[in-house]
Amino acid sequence: MSDIPVLELPESLTGSPADRALAAGMIEAWRTHGIFYLATGPAEQEIVRAAMSESRRFFALPFAEKARYVNDTTYSGYIASGEEVTAGEADHSE
């Protein structure tokens, strides 16, 4: 799997030909490999670090606390492992 493409995001997207080429590269990588890497700079790495930290904090909460974020009217919110049913089968991922 060492041939997984690495794509570099620009600081901003404007719809330029380079942006469209990046989008085409992402689509091609997804179709060919099913995955690709995004190269990030320090600012993006800090955002990812903070998001992962917050995610770990949330999932470490007691079930009752996480359950407060369940929304029965949409597909958004928290659902505990084993409670999600897809095509009649329980999904045991969290």
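Could you run through segment 43-53 and say how many residues are over 17 Å from the mean Cα position of the chain (by Cα) and modelled with pLDDT of 90 or more? Quick ask: steps written out before the conclusion?
The initial filter retains those residues of segment 43-53 that are over 17 Å from the mean Cα position of the chain (by Cα), namely 43.
Filter once more, keeping what is modelled with pLDDT of 90 or more: none.
The number of residues fulfilling the criteria is 0.
For segment 33-53, what are the residues that are free of Cβ contacts under 8 Å to residues at least 24 places away in the same chain and among the polar types (S, T, N, Q)?
Once the filter is applied, which keeps residues that are free of Cβ contacts under 8 Å to residues at least 24 places away in the same chain and among the polar types (S, T, N, Q), segment 33-53 yields Q45, S53.
Under 6 Å between Cβ atoms, at least 6 apart or on separate chains: pull out the pairs that start in segment 54-78 with a residue that is at pLDDT 75 or above and end on any residue that is aromatic (F, W, Y) and surrounded by 10 or more Cβ atoms within 10 Å (Cβ to Cβ).
Between residues of segment 54-78 that are at pLDDT 75 or above and residues that are aromatic (F, W, Y) and surrounded by 10 or more Cβ atoms within 10 Å (Cβ to Cβ), the close pairs are K66/Y78; Y69/Y78; V70/Y78.
Looking only at residues that are modelled with pLDDT of 90 or more and hydroxyl-bearing (S, T, Y) in segment 1-22, which one is farthest from the chain's Cα centre (by Cα)?
That would be S16.
Anything in segment 37-71 that is part of a loop (DSSP other than H, G, I, E, B), of a type in the set (A, V, I, L, M, F, W, C) and open to solvent by less than 50 Å² (accessible area, probe 1.4 Å)? List them, or say none.
Result: L61, single match.
Taking segment 1-22, which residues are open to solvent by 80 Å² or more (accessible area, probe 1.4 Å) and in a helix (DSSP H, G or I)?
Within segment 1-22, P17, R20 qualify.
Which one of the conditions (1) modelled with pLDDT of 90 or more; (2) open to solvent by 50 Å² or more (accessible area, probe 1.4 Å); (3) in contact with a strand residue (DSSP E or B) (Cβ under 7 Å, 6 or more places away or on another chain) does G25 fail to meet, given that it meets all the rest?
Exception for G25: condition (2).
The values are calculated or read from the model by the stated rules, or taken from the named source; none is laboratory data. Since the structure is predicted, the reported quantities are computational estimates derived from the model, not experimental observations. Heads up, the Cβs are rebuilt from the backbone with ideal geometry, glycines too, and the neighbour counts pull from every protein chain shown. For accessibility, only protein heavy atoms count, side chains too; no ligands or nucleic acids. Shrake-Rupley method; radii C 1.70, N 1.55, O 1.52, S 1.80 Å.
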